[in-house]
Amino acid sequence: MGGPLVELKDVCVTFGGDGLFRKRRGVEAVVNVNWQLAEGEILALVGESGCGKTTLGRVVTGLQKPTSGQMLYRGRDIWAMDRSDWREYRLGVQIVHQDSFAALNPVCTILHSLSAPLHRHGLARSGADARQKAAELLTTMGLMPPEMFLDKYPHQLSGGQRQRVVLARALAVHPRVIVADEPVSMVDVSLRLALLNLMASLNEQFGITFIYITHDLATARYFAQKGRIAVMYLGQLVELGPLGKVLEHPRHPYLQALLTAVPVPDPDVARQHQELPLRSLDLPDPSNAPPGCRFHTRCPYWEEVCAREIPPLELIEEGHYVACHLVRSIPSWHLLSVKRPSP
């Protein structure tokens, strides 16, 4: 039990390939991703749309088999497990989808949606026991009194209430890992903080490991403030480390560019704010991604080696990993600093 709870080893996922009438290159959605997650940890997985975040989440939940590499749960490759170990894994790793309405069967009541996994896995002795456990789950999610919700249908609930039900269903089988894929992006802004606080309380109360997938650095900063952040770009993991350290001192040019593009609310500071001058503003075609470091076509620091070789994810300081050939020579923060006005 001392090892990592979840581990990815050189995971690659490629979609497509040879077409029916012509040769075509497959889309490399995930390229050589490595990481380890401990019990009770929070990891924010961030990146722009199409970078492979959701695909990586599907690999962790067993919904997508890697083209190559291994997905390990408690040190065992999930695709080489026997039936008993597979059942333990399937109960231990759950997913919360972005669209709560699509995730719930519209013709089933909330009670049916919550009791189905309880009956399926022998966690409820009878219908009355399942109803009681479902009510307890809704209470944990802050939907009270639960009797008001058990016999309703998904369309009778608000978006925030449906997302709490989806969280309750994931919690029903006592998971050790929850992959939350953009769980607050389709919820009203006023309710996002409450959902993030709810997930944080589940992490503290039950020791559940969370993989929080998002493109929103603000919610990632809030939810994973005591955890780590992993940054992806076109299928490659480019930076990984403690969230506070990584966001305060980003070392990969891609993350530096992201942070300099974030609007600054103070107009005096905003006028002095410097952005990282990229070589190109155009995102490469994922179906024809550049060789080597995929960010080199936009990176202002690039050299020949960047176009030839994929940079490994290297430890540059305690807990902080960066995939960049030039990480030890490029500036870490000075381009992001604010110029002080002349006296």
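Would you tally the net charge around ALA124, using a Cβ to Cβ cut-off of less than 15 Å, leaving ALA124 out, and scoring K and R as +1, D and E as -1? Can you show the working numbers first?
Values: positive: ARG120, ARG125, ARG131, LYS133, ARG169; negative: ASP129, GLU136.
The answer is +3.
What share of the DSSP beta bridges in the chain is antiparallel, in percent to the nearest 5?
Working: 25 of 43 bridges.
Roughly 60 percent of the DSSP beta bridges within the chain come out antiparallel.
Normalise the Debye intensity by I(0) for region 161-210, one equal point scatterer per Cα, no solvent, then take log10 at q = 0.22, 0.25 Å⁻¹ and round to two decimals.
-0.79, -1.01
Would you check the chain for Lys pairs whose C-alpha atoms are within less than 24 Å, ignoring same-chain pairs closer than 8 in sequence, and give me the count?
So the count works out to 9.
Let's test this: bin the Cα-Cα distances of region 80-190 at 5 Å from zero up to the farthest pair and state each bin's percent.
Taking every Cα pair in region 80-190, the percentages come to 2, 13, 22, 23, 20, 11, 5, 2, 1, 0.
Pick the calculated Kirkwood radius over Cα pairs in Å for this structure from (1) 21.8; (2) 20.3; (3) 20.9?
Read-out taken from this structure: (1).
Got the relative contact order for region 177-221 handy, in percent, Cα pairs under 8 Å and 6 or more residues apart?
Numbers: 32 pairs, mean separation 25.7, N = 45.
This gives 57 percent for region 177-221.
Mind listing the long-range amide H neighbours of ALA230? Cut-off is under 5 Å, sequence gap 5 or more, other chains count too, H placed in the peptide plane at 1.01 Å from N.
ALA44, LEU45, VAL46
Evaluate the relative contact order of the chain (contact order divided by residue number), counting alpha-carbon pairs under 8 angstrom at least 6 apart; express in whole percent. Walk me through the intermediate numbers first.
Numbers: 618 pairs, mean separation 66.0, N = 343.
19 percent.
Listing SER84, SER100 from the residue with the fewest other Cβ atoms within 10 Å to the one with the most, what is the order?
Listing SER84, SER100 from fewest to most nearby Cβ atoms yields SER84, SER100.
What is the magnitude of the charge dipole of the chain about its Cα centre, with +1 placed on the Cβ of each Lys and Arg, -1 on the Cβ of each Asp and Glu, and no other charges, expressed in debye to the nearest 20? Show your work: numbers first, answer last.
Values: 36 positive and 34 negative charges, 113 e Å.
Result for the chain is approximately 540 debye, rounded to the nearest 20.
With +1 on each Lys and Arg Cβ and -1 on each Asp and Glu Cβ, how big is the dipole of region 178-250 about its Cα centre, in debye rounded to the nearest 20? Each step should come with its number before you reach the end.
Details: 5 positive and 7 negative charges, 42 e Å.
Computed about the Cα centre, the dipole is about 200 debye.
With an 8 Å Cα cut-off and a minimum separation of 6 or more residues, compute the relative contact order for region 1-122 in percent. Intermediate results must be reported in sequence, preceding the final value.
On the way: 144 pairs, mean separation 32.1, N = 122.
Rounded, it is 26 percent for region 1-122.
Since every read-out is calculated from the coordinates, none of them should be taken as a lab result. Just so it is clear, the structure is predicted and the values come from calculations on it, not from any experiment. Note: ideal-geometry Cβ built from the backbone for every residue, glycine included; neighbour counts use all protein chains shown.
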